[in-house]
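The values are calculated or read from the model by the stated rules, or taken from the named source; none is laboratory data. Here the structure is a predicted model, which is why all the values come from computation and not from measurement. No Cβ is skipped: glycine too gets one built from the backbone with ideal geometry, and neighbour counts run over all protein chains shown. Side chains are part of the model used for accessible areas, which takes the heavy atoms of the whole protein and leaves out ligands, DNA and RNA. Shrake-Rupley method; radii C 1.70, N 1.55, O 1.52, S 1.80 Å.
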Amino acid sequence: MSQKIVIIGAGFAGVWSALSAKRLLKLANKENEIEVVVIAPEPILVMRPRLYESNASSLVHPLETLFGEASIKFIPGIAKAIYTEKHTVDVRSASGIESTVAYDRLILAAGSSINRPEGVTGLQEYALDIDSLDSAVKLESHLERLGELPASSGRNTVVVCGAGFTGVELAAELPRRLGHLANARVILVGNADEVAPDFGTDPRLAIAQALTDLGVEFKLGSGVSAVDPEGVTLATGERIETKTAIWTAGVRATPLTTQIPGRRDTLARLYVDQYLRVSSVDDVFATGDAACAIADGKSQYALMSCQHANQLGRVSGYNAAAALLGEPLMEYSQAAYNCCLDLGPWGALVASSWDREKIRLSGDIAKRVKCYINQKLIYPPDNLLEALTLAEPVDIDSDKLFEQLTQVIG
């Protein structure tokens with residue numbers, strides 16, 4: 001009986017885990033002895049970093065052909081339960097059929113989902129989001145239908161709840177997406193006293209200026225206490241009339257992390273060692289948004305971003321295969337970090353280093369870099385040989401990558 005590497009999730013980390021594991025098995029001439037299995041609802045990669053854009057339904061990349069050519073087995077369904085002592089995963093198909101999948105090595109790559117605090121009244125019922133393909137499509141349909149409603153302040157006002165990375169990118173894109181409405185307003189609401197509080201002073205000022213130039217308004221220093229069909233109420237008591245409240249304030253790792261014994265961080269990510277193993281349990285790796293992993297060898301943890309998920313996936317897939325082959329494992333490392341933020345028609349901004357203190361690029365050149373990343377770099381190749389070549393888990397230097405992108409695109 002062949003051994004199995006089972007991967008839960010077909011996001012960036014899951015896809016590259018599968019390809020990296022398959023690459024190493026092919027090199028060792030063991031691909032017929034060790035099976036690579038991916039469990040996910042559909043054989044598609046959702047371009048989640050792009051869901052703030054319009055035409056959301058097009059932001060998917062099919063995986064069925066690539067997986068088939070790579071002999072990666074795909075099981076459509078949702079992983080409902082993980083039993084680490086038995087080395088099994090319970091799966092439920094879309095039609096409700098339940099099955100059990102055994103594993104020799106498990107890679108949890110089921111990503112994250114938006115965090116909707118229970119303390120915000122009406123949030124579950126009335127707030128929209130762009131956390132998934134379905135929710136982004138739902139938002140797009142909602143925005144288009146606004147033009148059919150009678151003109152009013154509430155119809156013409158869109159409130160983005162959360163002034164962090166996702167909220168900023170969405171707010172910058174919305175004025176263009178609301179071009180069918182006369183007198184449209186976009187209001188960005190945030191707990192902190194400044195927009196983009198995780199950025200340094202210079203990038204933060206540039207982001208605020210870009211949004212101001214685009215006509216975005218700010219309500220800062222107060223969170224949201226309630227959402228209803230006709231408006232948003234802030235913690236200060238101020239009310240904003242709107243038929244469109246969009247929640248972007250934070251995410252948490254997949255609930256499946258709670259089914260694996262081990263320590264978790266405040267985002268519910270499993271702490272892993274330098275090889276991305278969950279140390280408290282045998283034969284389980286966590287990767288992508290499910291993993292709390294040291295990236296720089298010191299104190300910086302990988303972020304919930306495709307920039308880190310791609311490399312985390314390559315390393316976890318390689319190590320799962322290497323463990324079964326009896327080969328040395330590879331340490332995960334991404335010492336450098338650059339953050340590329342889309343600012344709509346204004347352009348984009350690249351902030352360097354983990355503290356995002358300095359502006360590396362801004363304006364049109366940064367926009368071209370961002371578009372190349374979004375429209376080309378994050379997509380896996382359709383060609384199997386190219387995909388397996390790119391699946392090699394070599395250390396990726398973000399500083400060098402942005403230097404190369406600037407030279408090529410600039």
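Modelled this way, with points 7 Å down the Cα-to-C-beta line, the labels at Lys400 and Ile78 are 4.3 nm from one another. Rolling a 1.4 Å probe over the protein chains gives Ser17 an accessible area of about 0 Å². Matching the structure-derived percent of Cα pairs over 42 Å apart against the labelled list [x] 34; [y] 14; [z] 10 gives the label [y]. Once all protein chains are placed together, Ile246 keeps about 0 Å² accessible to a 1.4 angstrom probe. With contacts taken as Cα pairs under 8 Å and at least 6 residues apart, the chain reaches a relative contact order of 19 percent. Residue pairs exceeding 26 angstrom between C-alpha atoms, taken from Lys376/Lys400; Lys22/Lys86; Lys86/Lys298: Lys86/Lys298. Three principal axis extents of the range 362-410 based on alpha-carbon atoms, in descending order, are 35, 22, 13 Å.
Working note: Karplus 6.51/-1.76/1.60 with θ = phi - 60° gives the range 249-266 the couplings 8, x, 9, 10, 5, 3, x, 5, 5, 6, 8, 10, x, x, 7, 10, 8, 5 Hz, where Gly and Pro are set to x. Its Cα centre serving as origin, the range 327-368 has a Cβ charge dipole (Lys and Arg +1, Asp and Glu -1) of approximately 300 debye. Counting only DSSP H runs of at least 4 residues, each contributing -39500 (n - 2.57), and dividing by the residue count of the chain, the helix-based mean residue ellipticity at 222 nm comes to -8500 deg cm²/dmol.
Taking each pair of different alpha-carbon atoms in the range 120-264 once, compute 1/r for the pair, average those values, and report the inverse of that mean as the Kirkwood hydrodynamic radius in Å to one decimal. Averaging 1/r across every pair of different Cα atoms and inverting gives 16.0 Å.
Protein heavy-atom accessible surface, 1.4 Å probe, per residue over the chain: 44 Å². Given a 1.4 Å probe and the protein chains as shown, Asp382 ends up with an accessible area of around 110 Å².
Suppose every Lys and Arg Cβ carries +1 and every Asp and Glu Cβ carries -1, with no other charges. What dipole size does the range 333-406 come out with about its Cα centre, to the nearest 20 debye? The calculation lands at about 340 debye.
Computed over protein heavy atoms with a 1.4 Å probe, the carbon and sulfur contribution to the accessible area of the chain reaches 49%.
The HN-Hα couplings worked out from phi for the range 331-339 by the Karplus form 6.51 cos²θ - 1.76 cosθ + 1.60 (θ = phi - 60°) are 6, 7, 7, 9, 5, 9, 9, 9, 10 Hz, whole numbers, x standing for Gly and Pro.
Our estimate of slack between Gln3 and Asp198, defined as 0.36 nm per intervening residue step minus the Cα-Cα distance, is 65.8 nm.
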